[in-house]
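The values are calculated or read from the model by the stated rules, or taken from the named source; none is laboratory data. Here the structure is a predicted model, which means the values were calculated and not measured. Glycine also receives a Cβ, built like all others from the backbone with ideal geometry; neighbour counts cover every protein chain displayed. Side chains included, ligands, DNA and RNA excluded: accessible areas come from the protein's heavy atoms. Shrake-Rupley method; radii C 1.70, N 1.55, O 1.52, S 1.80 Å.
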Amino acid sequence: MGPAPGRHGRDGQEEISNKELGPHTGDKYDQKEMDGADDRRGVLPDIERSVADGKPVPINITRVDEHGDRHGHSLMIIGQEDGKLQVYNPWGTTSWISEDDFINGDLQAAADDRYSKAHQGDVNRVSIQQD
């Protein structure tokens, strides 16, 4: 199953990042697909640099429900400290997750059990600001 149509697909998320975050950060955002742990490990220095500069980093997480349907949700990385990432969830929570959990695509601690590895939870996209 492909990305959700409209505002919540890849193009929609990039548009929202540029429209809503860009004016406040002074940057444009570029979507980076992450197909596995190596991709997430590779983008981690960009995430750390961005949040150190006070610029949030939107990420997309996915899961598969009991019917085999894929679902997505957006979160925002807003901080980094001591090998952990601070993640804001628009459901109204802010959590700390380990960088290892991010690299392994496990964002259950920042969302809920539906985004656990048991439900094929994964981090598949990040929006990094471009100077």
Handout entry: the stretch 55-71, subset outside any strand (DSSP E or B) and touching a residue at least 24 places away in the same chain (Cβ under 8 Å), residue farthest from LEU107 (Cα to Cα)
Key = LYS55
Completion exercise
Quick count over the stretch 37-54, residues being within 14 Å of the chain's Cα centre (by Cα) and touching a residue at least 24 places away in the same chain (Cβ under 8 Å), is 10
Fill in the blank from the handout: From the option list SER74, SER127, single residue qualifying as more than 18 Å from ARG49 (Cα to Cα) and polar (S, T, N, Q) is SER74
Problem - Considering residues of the stretch 112-122 that are open to solvent by less than 20 Å² (accessible area, probe 1.4 Å) and of a type outside the set (Phe, Trp, Tyr) only, the residue farthest from SER50 (Cα to Cα) - result: SER116
Exercise for the section: Tell me, please, whether a residue that is modelled with pLDDT of 90 or more, under 21 Å from THR94 (Cβ atoms) and either in a helix (DSSP H, G or I) or open to solvent by less than 60 Å² (accessible area, probe 1.4 Å) (or both) can be found in the stretch 30-40. Expected result: yes
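With the condition kept exactly as written, say whether any residue in the stretch 123-131 is open to solvent by 50 Å² or more (accessible area, probe 1.4 Å) and within 16 Å of ASP30 (Cα to Cα). Show your work before the answer.
Taking the stretch 123-131 first, the residues open to solvent by 50 Å² or more (accessible area, probe 1.4 Å) are 130-131.
Remaining after also requiring within 16 Å of ASP30 (Cα to Cα): 130-131.
Scanning the stretch 123-131 turns up at least one residue that is open to solvent by 50 Å² or more (accessible area, probe 1.4 Å) and within 16 Å of ASP30 (Cα to Cα).
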Completion exercise
Residue hits (the stretch 72-110; assigned to a loop (DSSP other than H, G, I, E, B) and open to solvent by less than 20 Å² (accessible area, probe 1.4 Å)) are GLY105, LEU107
